[in-house]
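The values are calculated or read from the model by the stated rules, or taken from the named source; none is laboratory data. The model shown is predicted, which means the values in this text are computed figures rather than measured ones. All Cβ positions, even for glycine, are placed from backbone atoms using ideal geometry, and neighbour counts span all protein chains on display.
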Number of protein chains: 2
Amino acid sequence: MRKNYLLTPGPTPLPPQICEAMSRPIMHHRTPQFQAVLKEAIDGLKYIFQTKNDVFILASSGTGAMEAAVINLLSPGDIALIIQGGKFGERWTEICQSYGINCEVIDVKWGEAVKPKIIEERLKHSALNTQRPAPIKAVFSTLCETSTGVVNDIEAIGKIVRDTDAVLVVDAISGLGAIDLKTDAWFCDCVVSGSQKGLMLPPGLGFISVSQKAFKLIENAKSPRYYFDLRKAKKAFDKTDTPFTPAITLIIALNEALKMLKEDGLEKVFSRHRKLADATRSAIKALGLELFAPDASSNVVTAIGVPVNIDGEKLVKTMRDAYGVTIAGGQDELKGKVIRIAHMGFIEEFDIILVISCLEKVLYQMGYSFKLGSGVCAAEEVFLTA
Amino acid sequence: MRKNYLLTPGPTPLPPQICEAMSRPIMHHRTPQFQAVLKEAIDGLKYIFQTKNDVFILASSGTGAMEAAVINLLSPGDIALIIQGGKFGERWTEICQSYGINCEVIDVKWGEAVKPKIIEERLKHSALNTQRPAPIKAVFSTLCETSTGVVNDIEAIGKIVRDTDAVLVVDAISGLGAIDLKTDAWFCDCVVSGSQKGLMLPPGLGFISVSQKAFKLIENAKSPRYYFDLRKAKKAFDKTDTPFTPAITLIIALNEALKMLKEDGLEKVFSRHRKLADATRSAIKALGLELFAPDASSNVVTAIGVPVNIDGEKLVKTMRDAYGVTIAGGQDELKGKVIRIAHMGFIEEFDIILVISCLEKVLYQMGYSFKLGSGVCAAEEVFLTA
């Protein structure tokens with residue numbers, strides 16, 4: 001009789017329409033019938049990405065799409081500027097280093113957003129740039145850093161990078177379809193995303209958009225590649241095809257998700273996420289808990305500091321195993337120190353009410369001192385006045 | 001009111017249990033609940049692979065798993081011996097060349113199986129081996145070459161490679177779970193497969209098994225890699241985990257497929273495929289058509305020469321668009337020259353009857369001269385006496 005609730009930053013819950021779409025009989029991918037599906041998917045993705053650029057669909061998780069960005073844009077020995085400030089910013093560095101890219105890292109304190117000014121300075125005075133002209137070729141950034149809940153100011157970063165020879169690459173795996181990201185208007189050359197977050201799908205699809213500026217790098221990049229080779233992807237794309245067997249059922253389900261998002265319209269979708277995040281933040285404060293990223297907390301996932309004397313890992317485990325409510329704990333250096341409640345994708349106000357209620361219940365049982373019901377009440381107030 | 005039938009060599013039709021499994025609410029992957037799913041999947045894969053080796057599950061199509069084999073085993077400049085004889089044998093060469101591997105190619109005529117003796121000779125006298133000892137490090141082979149329907153004698157190849165320092169890599173994307181492949185008993189160091197063939201799933205999962213002999217190469221290989229890095233996969237595997245977000249719904253569905261295959265048992269599964277292939281071959285002969293690979297035709301997919309004066313592409317298109325029966329045409333140099341009927345995965349005798357019936361109907365309409373009903377009759381005879 002257990003009901004299960006999922007409020008994790010990927011995977012996010014699946015709408016029934018999407019579950020249904022995946023259970024349909026499969027079709028072959030080299031047919032006009034599937035071509036029509038693929039065309040609809042690409043058009044829908046362009047709407048969500050807010051771009052006229054090509055958007056490629058990969059059969060991989062989001063990390064595969066991140067790797068595709070690195071190896072298609074850069075050659076061994078090239079210089080990349082990487083904004084770190086959490087586990088997923090660090091992933092850019094790890095991927096680049098695996099391919100012999102020289103990494104200049106802006107190490108932002110976990111829980112803070114990057115100051116765009118610093119990027120501007122680093123682009124002007126590259127530390128690794130002994131032999132000019134050998135400029136930074138690409139800037140790697142993160143829209144929403146899932147490990148800390150921080151959102152970065154991609155609009156401001158885009159304005160800075162646009163005036164240089166470098167391309168701007170944005171990891172929007174967390175955030176796309178939940179918060180605003182104007183690929184074209186903000187001058188994002190490559191935007192990378194995945195299926196299991198704002199797009200309300202299971203994991204298994206990666207996405208990557210490519211600007212004209214980025215395509216020029218792709219033609220000349222020397223990193224070895226085959227499965228993730230975007231030259232192959234582009235050749236197939238121009239015939240509404242894929243270079244290798246695509247993840248057919250996930251692409252069929254993607255079209256259902258895109259239809260849902262289009263029906264609501266991006267503005268309404270973003271405003272729903274804002275409300276959910278506001279209510280969560282308000283509830284957290286009412287419970288006397290602290291936001292981990294008070295100055296840059298995203299509308300995608302809220303990281304919350306675990307009070308002293310409370311075992312953060314046990315808190316997450318009890319919510320999940322005793323009451324069926326799955327949220328996320330901290331990763332790497334934040335293990336046991338934060339909990340993370342996602343409000344991304346197919347989530348609405350009563351999901352927030354129930355997760356706060358469950359959090360209250362378990363905190364109470366663990367001996368944390370607060371006024372029972374105060375978190376839920378604060379969330380209700382936000383939803384009533386919004 | 002159109003009913004659709006799929007007899008293509010990937011994707012193959014989905015059993016209803018698998019459709020149902022994919023439509024369940026999703027679970028989070030970093031939980032003991034998903035760990036139990038993953039453990040069951042790995043155990044089941046070991047049964048299908050007939051191995052005690054680790055089997056890694058990748059979120060990618062089969063080509064991703066092929067790339068994983070190449071880049072984890074070899075370094076730039078290493079020598080690989082590649083058995084070509086169709087589109088997918090050639091893919092090994094393409095991947096190796098993308099990563100700077102020196103390729104010694106055994107170019108088998110399309111439609112024929114490789115003679116194991118030739119492999120033995122090439123391993124002894126490597127053409128590229130000017131500076132001994134610099135032996136061939138890996139032999140890349142194909143179990144069933146989907147483009148031609150040919151099955152290779154992996155058992156014989158395994159016996160030859162075992163006595164050398166080289167590892168044997170088998171592309172079993174087509175064939176695994178349909179025809180016999182004894183990974184351990186036949187000394188296959190890496191066996192690569194995908195989800196959308198014998199395993200009756202949608203595309204989106206790649207699999208790769210790794211022997212102790214292969215692990216030694218993996219530790220020393222210098223090819224750059226991140227997403228497909230099997231060192232990362234192994235580290236996670238030992239904790240029943242995955243290095244990146246796995247394709248959760250497909251792995252849940254995989255367990256349903258493995259359960260079905262285990263319930264029948266491999267012997268019964270292989271014997272069903274043998275019967276389906278026998279009936280197909282018998283029907284083809286009765287219709288006066290010719291097998292493309294008469295001496296090495298697999299029990300996985302049957303390639304059939306298109307009669308002169310018949311447009312092979314139009315034949316496939318008419319069967320699909322006018323009657324809902326999807327088979328495959330020829331690829332690359334075989335475009336328009338062969339048709340391919342798959343009898344792999346969730347296919348049983350009446351699927352063969354209907355595809356032969358549809359083939360008869362369209363051949364008749366296209367003016368091909370034969371005795372109507374003779375193909376179906378020949379297939380029925382095989383099924384009755386089997």
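Can you tell me which of A:193, A:223 is under 30 Å from residue A:109 (Cα atoms) and among the small types (Gly, Ala, Ser)?
Criteria check complete, one pass: A:193.
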Q: For residue B:103, indicate whether it is within 14 Å of chain A (Cβ to nearest Cβ) and not in a helix (DSSP H, G or I).
A: yes
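Table: residues versus (1) touching a Cys at 6+ places or on another chain (Cβ under 9 Å); (2) within 14 Å of chain A (Cβ to nearest Cβ); (3) surrounded by fewer than 17 Cβ atoms within 10 Å (Cβ to Cβ); (4) hydrophobic (A, V, I, L, M, F, W, C).
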position: B:300; (1), (2), (3), (4): yes, no, no, yes
position: B:304; (1), (2), (3), (4): no, no, no, yes
position: B:313; (1), (2), (3), (4): no, yes, yes, no
position: B:324; (1), (2), (3), (4): yes, yes, yes, no
position: B:341; (1), (2), (3), (4): no, yes, no, yes
position: B:348; (1), (2), (3), (4): no, no, yes, no
position: B:351; (1), (2), (3), (4): no, yes, no, no
position: B:362; (1), (2), (3), (4): no, no, no, yes
Q.
Being part of a helix (DSSP H, G or I), facing chain B (nearest Cβ under 10 Å) and not polar (S, T, N, Q) is the requirement here; does residue A:20 meet it?
A. yes
Q.
If I filter the stretch A:326-336 down to residues being surrounded by 15 or more Cβ atoms within 10 Å (Cβ to Cβ) and out of contact with any Ser or Thr (no Cβ under 8 Å at 6 or more places or on another chain), which single residue comes out as farthest from the other protein chains (Cβ to nearest Cβ)?
A. A:336
Q. Can you pull out the residues in the stretch A:71-87 that are among the aliphatic types (A, V, I, L, M) and in a strand (DSSP E or B)?
A. A:79, A:80, A:81, A:82, A:83
Q: From A:122, A:132, grab the single residue that is modelled with pLDDT under 95, of a type outside the set (A, V, I, L, M, F, W, C) and farther than 20 Å from residue A:189 by Cβ.
A: A:132
Q) Can you name every residue in the stretch B:14-57 that is surrounded by 21 or more Cβ atoms within 10 Å (Cβ to Cβ) and closer than 19 Å to residue A:29 by Cβ? A) B:14, B:18, B:22
Q: Give the stretch A:167-205 a look and list any residue that's under 12 Å from the mean Cα position of the chain (by Cα), surrounded by 24 or more Cβ atoms within 10 Å (Cβ to Cβ) and either over 15 Å from residue A:253 (Cβ atoms) or not assigned by TED's automatic domain parsing to the domain that holds residue A:59 (or both), or say none.
A: A:170, A:171, A:172, A:173, A:174, A:175, A:176, A:178, A:181, A:191, A:192, A:193
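On the basis of being out of contact with any helix residue (DSSP H, G or I) (no Cβ under 6 Å at 6 or more places or on another chain), in a strand (DSSP E or B) and in contact (Cβ under 8 Å) with a residue 60 or more places away in the chain, does residue A:57 make the cut? Please lay out each step first, then the result.
Numbers: out of contact with any helix residue (DSSP H, G or I) (no Cβ under 6 Å at 6 or more places or on another chain): yes; in a strand (DSSP E or B): yes; in contact (Cβ under 8 Å) with a residue 60 or more places away in the chain: yes.
Yes: the conditions hold for residue A:57.
Residue-by-condition table, conditions (1) over 19 Å from residue A:58 (Cα atoms); (2) in contact with a Cys (Cβ under 9 Å, 6 or more places away or on another chain); (3) modelled with pLDDT under 95:
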residue	(1), (2), (3)
B:190	yes, no, no
B:194	no, no, no
B:200	yes, no, no
B:203	no, no, no
B:208	yes, yes, no
B:218	yes, no, no
B:221	yes, no, no
Q: Please enumerate the residues belonging to the stretch A:164-210 that are farther than 18 Å from residue A:78 by Cβ and of a type in the set (S, T, N, Q).
A: A:174, A:183, A:193, A:195, A:196, A:209
Q.
Take residue A:295 and tell me if it is outside any loop (DSSP other than H, G, I, E, B) and charged (D, E, K, R).
A. no
Q.
Whether any residue in the stretch B:257-277 is within 14 Å of chain A (Cβ to nearest Cβ), farther than 30 Å from residue B:79 by Cα and either assigned to a helix (DSSP H, G or I) or modelled with pLDDT under 95 (or both) is what I want to check.
A. yes
Q) Restricting attention to the stretch B:203-227, which residues are polar (S, T, N, Q) and either more than 14 Å from chain A (Cβ to nearest Cβ) or free of Cβ contacts under 8 Å to residues at least 24 places away in the same chain (or both)? A) B:209, B:211, B:212, B:220
Q) Right, residue B:266: among the aliphatic types (A, V, I, L, M), under 18 Å from the mean Cα position of the chain (by Cα) and surrounded by fewer than 21 Cβ atoms within 10 Å (Cβ to Cβ) or not? A) yes
Q. What are the pairs, 6+ residues apart or on separate chains, where a residue within the stretch A:306-321 that is in the same structural domain as residue A:361 (by TED's automatic domain parsing) and touching a residue at least 24 places away in the same chain (Cβ under 8 Å) has its Cβ under 8 Å from a residue that is surrounded by fewer than 17 Cβ atoms within 10 Å (Cβ to Cβ) and part of a helix (DSSP H, G or I)?
A. A:318/A:365
Q. Restricting the search to the stretch B:271-293, which residues are surrounded by fewer than 17 Cβ atoms within 10 Å (Cβ to Cβ) and touching a residue at least 24 places away in the same chain (Cβ under 8 Å)?
A. B:274, B:285, B:288
Q | Yes/no for residue B:36 being in a helix (DSSP H, G or I), away from every other protein chain (no Cβ under 11 Å) and modelled with pLDDT of 95 or more | A | yes
**Q.** Pair list, Cβ under 8 Å, 6 or more apart: the stretch B:228-253 residue at the interface with chain A (Cβ under 10 Å from one of its Cβ atoms) and in contact (Cβ under 8 Å) with a residue 24 or more places away in the chain, other residue outside any helix (DSSP H, G or I) and surrounded by fewer than 17 Cβ atoms within 10 Å (Cβ to Cβ)
**A.** B:249/B:24; B:252/B:24
Q) Name the pairs: first residue in the stretch B:24-46 and within 22 Å of residue A:19 (Cβ to Cβ), second residue assigned to a loop (DSSP other than H, G, I, E, B) and acidic (Asp, Glu), Cβ to Cβ under 9 Å, at least 6 apart or on different chains? A) B:29/B:241; B:30/B:241; B:38/B:241
Q) Do we have residue A:237 as among the aromatic types (Phe, Trp, Tyr) and either closer than 30 Å to residue A:114 by Cβ or loosely packed, with under 15 Cβ neighbours inside 10 Å (or both) here? A) no
Q. (1) at the interface with another protein chain (Cβ under 9 Å from one of its Cβ atoms); (2) closer than 11 Å to residue A:139 by Cα: which one isn't true of residue A:98, the others all being true?
A. (2)
Q. Out of B:10, B:62, which single residue is within 11 Å of chain A (Cβ to nearest Cβ), in contact with a Gly (Cβ under 6 Å, 6 or more places away or on another chain) and within 21 Å of residue B:203 (Cα to Cα)?
A. B:62
(Q) Anything in the stretch A:76-91 that is out of contact with any Ser or Thr (no Cβ under 6 Å at 6 or more places or on another chain) and either away from every other protein chain (no Cβ under 11 Å) or within 20 Å of residue A:330 (Cβ to Cβ) (or both)? List them, or say none. (A) A:77, A:78, A:79, A:80, A:81, A:84, A:85, A:90, A:91
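Hey, among the residues in the stretch A:340-369 that are aliphatic (A, V, I, L, M) and in a loop (DSSP other than H, G, I, E, B), which one's farthest from the chain's Cα centre (by Cα)?
A:366
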